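Beneath this line is the structure, given in structure tokens, with notes to follow.
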Amino acid sequence: MDFIPVNEPLFQGREKELLLECIETGWISSEGPFVREFEERFAARVGRKHGIAVCNGSAAIDAAVHALGLKAGDEVILPTFTIISCAASIVRAGATPVVVDCNPDDWNMNLAQVEACITPRTRAIMVVHIYGLPCDMEPLLALARSYGLLILEDAAQMHGQNYRDRPCGSFGEISTFSFYPNKHITTGEGGMVVTDDPQLAEKCRLARNLYFQERQRYVHDELGWNFRMTNLQAAIGLAQLEQVDGFIERKRAMGKAYTEKLKNVPGLQLPKPRADYAENIYWVYGIVLEDPAFPDAKEVAAHLAREGIGTRPFFWPIHKQPVFQRMGLFGSQTYPVAEHISIRGLYLPSGLALTPEQIDRTVFTLKQVLQSV
Ligand SMILES: *Cc1c(COP(=O)(O)O)cnc(C)c1O
């Protein structure tokens, strides 16, 4: 019995050809020509003027937080249901993360709670689109405008997705992407900051490259990082970007197939297929076990693993992270929706290389496991 991995990327374009070109020309470092080309093409694709390629999506958030100048005393509102990277960047910058719960249907941040959290110290909202449907950006942008707040958009799960007719990654002051192998396009490891603001772009470029300056090499005015992307990564990224529309189609077909086959299974919450502003692109196909027969998703995940099917749990909420609790960051506040889905949620194999046969076997096995309790 073959194992069905939770994710497997798909390389059917010019990945090999462009990688080979790196080797043959000797351009393997971040100085190679594909990096600039990837930045330009990717930024154009998401409707931004500037792209700054970095070594991963977490680094992209660090660079963006740095460029926005978020610092001690500033509060940044973000969803509690997201990856650690979002809050980590805020904390490392010395600023204060303020979290909100998520919506029960699309798992995106609750906008009513965002407004309720705004104080005179609030500087920015970090909006994170979760699992395949974007956040409702119009009311969020209106809120930011009326309170004079910056928007950092984490679009790591949203390549090729639109909010109405505008690409995700084009909203607010600055947006970030990841190209980890489970994202809609990958570079192995990789990320990108995109913005329309030339000053923010310049800050990200400098921060990415240790604040080396043109004027005098090895003299540094500020502290940055080595967040550079290599030409090898950019070569894969260029080839992947050429295929993004097909990738989105594949993901939507995967989501539709799962939903069709699972919609009559009792006790399961399935991903919301669409909002009035977007169709789900199923970064992952997440399900929440609502049947009280299960205390959480662990037993089902273990059972599926024994049957050769890889799954992953949902994000663990930011306010429950031991590292932040030790810092005394979120007190005793509870966020019931995020807590519920983080305990009862898991996602099924969702990679681009997933076949219809693998979807069938996953569904068949899941149904068996659910009935065996
Ligand atoms: C994947 C992801 C990241 C982090 O990206 P890495 O490339 O793994 O560092 C950040 N934010 C979100 C929402 C993600 O899904």
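The condition (being in a loop (DSSP other than H, G, I, E, B) and among the hydrophobic types (A, V, I, L, M, F, W, C)) is satisfied by just one residue among L206, L200, L223: L223.
When the residues of segment 358-373 are filtered to those that are closer than 22 Å to H184 by Cβ and of a type outside the set (A, V, I, L, M, F, W, C), which remaining residue is surrounded by the most Cβ atoms within 10 Å (Cβ to Cβ)? Write out each step before concluding.
Of the residues in segment 358-373, the ones closer than 22 Å to H184 by Cβ are 358-359, 362.
From what is left, the residues that are of a type outside the set (A, V, I, L, M, F, W, C) are 358, 362.
Working: Q358: 19, T362: 25.
Checked segment 358-373; the qualifying residue surrounded by the most Cβ atoms within 10 Å (Cβ to Cβ) is T362.
The C-beta contact set for segment 115-131 (first residue free of Cβ contacts under 8 Å to residues at least 40 places away in the same chain, second residue more than 10 Å from the ligand (Cβ to nearest atom), distance under 7 angstrom, 6+ apart or interchain) comprises E115/L143; H129/N108; H129/C135; H129/C168. Please specify each residue of segment 81-109 satisfying the condition of being assigned to a loop (DSSP other than H, G, I, E, B), on the phi < 0 side of the Ramachandran plot and within 14 Å of the ligand (Cβ to nearest atom). Passing the criteria: F81, T82, I83, N108. The sole residue among A155, A142 that is at pLDDT 95 or above, within 22 Å of W107 (Cα to Cα), surrounded by 19 or more Cβ atoms within 10 Å (Cβ to Cβ) and not aromatic (F, W, Y) is A155. Please go through segment 32-67 and give me each residue that is in a loop (DSSP other than H, G, I, E, B) and within 16 Å of the ligand (Cβ to nearest atom), ordered by number. Within segment 32-67, V46, C55, N56 meet the criteria.
Of everything in segment 128-147 that's within 13 Å of the ligand (Cβ to nearest atom) and in contact with a helix residue (DSSP H, G or I) (Cβ under 8 Å, 6 or more places away or on another chain), which residue is farthest from K183 (Cα to Cα)? Applying the filter and picking the extreme gives C135. Does A72 qualify as being surrounded by fewer than 24 Cβ atoms within 10 Å (Cβ to Cβ) and of a type in the set (G, A, S)? Judged against the criteria, A72 is a match. One residue stands out among those in segment 269-284 that are buried (at least 16 other Cβ atoms within 10 Å of the Cβ) and under 16 Å from P104 (Cα atoms): the one that is nearest to the chain's Cα centre (by Cα), which is N280. Output yes when any residue across segment 285-303 is within 16 Å of the ligand (Cβ to nearest atom), buried (at least 22 other Cβ atoms within 10 Å of the Cβ) and not assigned by TED's automatic domain parsing to the domain that holds D106, and no when none is. Checked segment 285-303: at least one residue is within 16 Å of the ligand (Cβ to nearest atom), buried (at least 22 other Cβ atoms within 10 Å of the Cβ) and not assigned by TED's automatic domain parsing to the domain that holds D106.
Among the residues here, E39 qualifies as surrounded by 19 or more Cβ atoms within 10 Å (Cβ to Cβ) and touching a residue at least 12 places away in the same chain (Cβ under 8 Å).
Taken together, the criteria place R312 among residues that are crowded, with 17+ Cβ neighbours inside 10 Å, of a type outside the set (A, V, I, L, M) and either assigned by TED's automatic domain parsing to the domain that holds P356 or under 20 Å from V128 (Cβ atoms) (or both). Scanning segment 110-127 for residues that are aliphatic (A, V, I, L, M) and within 15 Å of R145 (Cα to Cα), we see that the one that is farthest from the ligand (Cβ to nearest atom) is I118.
For segment 352-369, does any single residue satisfy the condition of being within 26 Å of S89 (Cβ to Cβ), in contact (Cβ under 8 Å) with a residue 40 or more places away in the chain and not acidic (D, E)? For segment 352-369, residues within 26 Å of S89 (Cβ to Cβ), in contact (Cβ under 8 Å) with a residue 40 or more places away in the chain and not acidic (D, E): absent.
Residue count for segment 75-96 under the criterion of being over 13 Å from the mean Cα position of the chain (by Cα), surrounded by fewer than 22 Cβ atoms within 10 Å (Cβ to Cβ) and within 27 Å of K183 (Cβ to Cβ): the result is 4.
If you go through segment 148-188 and keep only what is within 11 Å of the ligand (Cβ to nearest atom) and acidic (D, E), you end up with E153, D154. Annotation: I343 fulfils all but one of (1) part of a helix (DSSP H, G or I); (2) over 16 Å from I83 (Cα atoms); the unmet one is (2).
Pairs linking a residue in segment 188-213 that is under 13 Å from A63 (Cα atoms) to a residue that is away from the ligand (no atom under 16 Å from the Cβ) and assigned to a helix (DSSP H, G or I), with Cβ atoms under 6 Å and 6 or more positions apart or on different chains, are V194/A43; T195/A201; L200/A67; K203/A67; C204/A67.
The values are calculated or read from the model by the stated rules, or taken from the named source; none is laboratory data. In this text the structure is predicted, and so the values were computed from the model without any measurement. Glycine gets a Cβ as well: all are built from the backbone with ideal geometry, and neighbour counts include every protein chain shown.
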